[in-house]
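What follows is a set of notes on a single structure, which appears directly below.
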Amino acid sequence: MTSNRNLKRRVRACAAKTGESYAAALRHVRPAQQADTMPQVTLMRLATAQVIVREDPRDPGQLRQSGRDVRELMRQAHRAGARIIHFPEGATCSPHKRIMSVTGPAEVGPADWGRGDWQVAAIARLAGELRLWAVLVSVHTLTPPRRPHNSMYVISDQGELVTRYDERLLSSTKLSFMYTPGSGPVTFEVDGLRFGCAMGIEVHFPEVFAEYERLDVDGVLISTGPGQTTGGTAAFATQAQAHAATNSLWVSFAMAAPHSAAAPAGAIAPDGRWAAQCPGDGHPAVAIADIDNRPESIDIAVAQARPWRRLARAGAYDAHLVTDDRSDDRSAF
């Protein structure tokens, strides 16, 4: 285990120095005769989920049904051979801003977080039983009277909490009445592949995905869903595709099932194309995609894009600038 961690550190240091991807740097660092003892450059099966979002945490029946839906999709992902399943925002419950308001549903006000109880223990136990990683969105309470975080919990295939990502770029309502923003990016690894986490309207912000590119992730899991119009949902999906292509990253786009007619949940390849999508019929489902960072499987143009962009952003072209009257004169052909 220690040798594997040391190798990963050396590979990342090499990638940071050369501007290459993790997969490309690994070829330089790993001796051929040690290939069987080192972490694999790998193919891994991902399940991206869409679910029915229920908005009233005061209703135990709704919470139980959401839990059943989540566990059934986990079983479907397991039967399909997935190693990780990624859920959208609101998978356990998406508390509606008016339902949570202490002033009542007539107006939006500060949220009363005593109105609901979100338990992820049963989901974590099932992840351990299925040997399936799960990324699930739920509320993370803080010390009263502070408002909670809106969080993505990363649960390992041993049923253990590995890490948690807290939504950072909140909508005005979330920030004013509902949640406390998070403070930084979060990454984790499954089978040698590295992922970053994002939530909600963070799909609007290119800097979130650019930051994860600098952290040398293979993919970003974006959990979003409730409260979107049809046009807004389609825009979210288009932006997710653009971030994937711009940064040469896999993007898992987990969305609420009712919005699937406009933008089904699915996985986006590093060239911006959809590798897999759920049906657009409004029902819970999983889309299955093979996340593949093996050098022989990566399109050469995509593989070269990330190091080229890093060089450009670092000012590699400044040395080629010239002082020339013809260059400065913008009034002549």
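Database remark: amide H of Arg54 closer than 5 angstrom to the amide H of Ser94 (H placed geometrically; neighbours at sequence offset of 5 or more, or on other chains; Pro and chain starts carry no H). Residue ranking by accessible heavy-atom surface, 1.4 Å probe, largest first, among Val11, Val302 comes out as Val302, Val11. Heavy-atom accessible area, probed at 1.4 angstrom with all protein chains present, ranks Tyr153, Tyr212 as Tyr153, Tyr212, highest first.
Within 10 Å, count the other beta carbons around each residue, average over each peptide in 155-167, 312-324, 248-260, and list them highest first. Mind showing how you got there, number by number?
Numbers: 155-167: 17.8, 312-324: 8.4, 248-260: 26.3.
Descending mean neighbour count gives 248-260, 155-167, 312-324.
Close amide H contacts of Gly182 (hydrogens built in the peptide plane, cut-off under 5 Å, sequence separation of 5 or more or a different chain): Glu167, Arg168. Extension gain, Thr163 to His204, is 12.4 nm, computed as 0.36 nm per intervening residue step minus the present C-alpha separation. With θ taken as phi - 60° and the Karplus curve 6.51 cos²θ - 1.76 cosθ + 1.60 applied, the whole-hertz 3J(HN,Hα) list for the stretch 151-165 is 10, 9, 8, 9, 10, 6, 6, 9, x, 10, 6, 8, 6, 9, 10 Hz, x standing for glycine and proline.
To the nearest 10, the accessible area of His204 is 80 Å² with a 1.4 Å probe.
Using θ = phi - 60° in the Karplus curve 6.51 cos²θ - 1.76 cosθ + 1.60, the 3J(HN,Hα) couplings for the stretch 318-329 round to 4, 5, 9, 5, 10, 9, 8, 4, 5, 6, 7, 7 Hz; x is entered for Gly and Pro. Taking amide H as placed 1.01 Å from N in the peptide plane, the amide H of Arg45 sits under 5 Å from that of Arg83, Ile291, each at least 5 places away or on another chain.
The values are calculated or read from the model by the stated rules, or taken from the named source; none is laboratory data. Remember, predicted model here, so these are calculated numbers, not experimental data. Positions of Cβ are generated from backbone atoms using ideal geometry, with glycine treated the same way; all protein chains shown enter the neighbour counts. Surface accessibility is based on the protein's heavy atoms, side chains included, excluding ligands, DNA and RNA. Shrake-Rupley method; radii C 1.70, N 1.55, O 1.52, S 1.80 Å.
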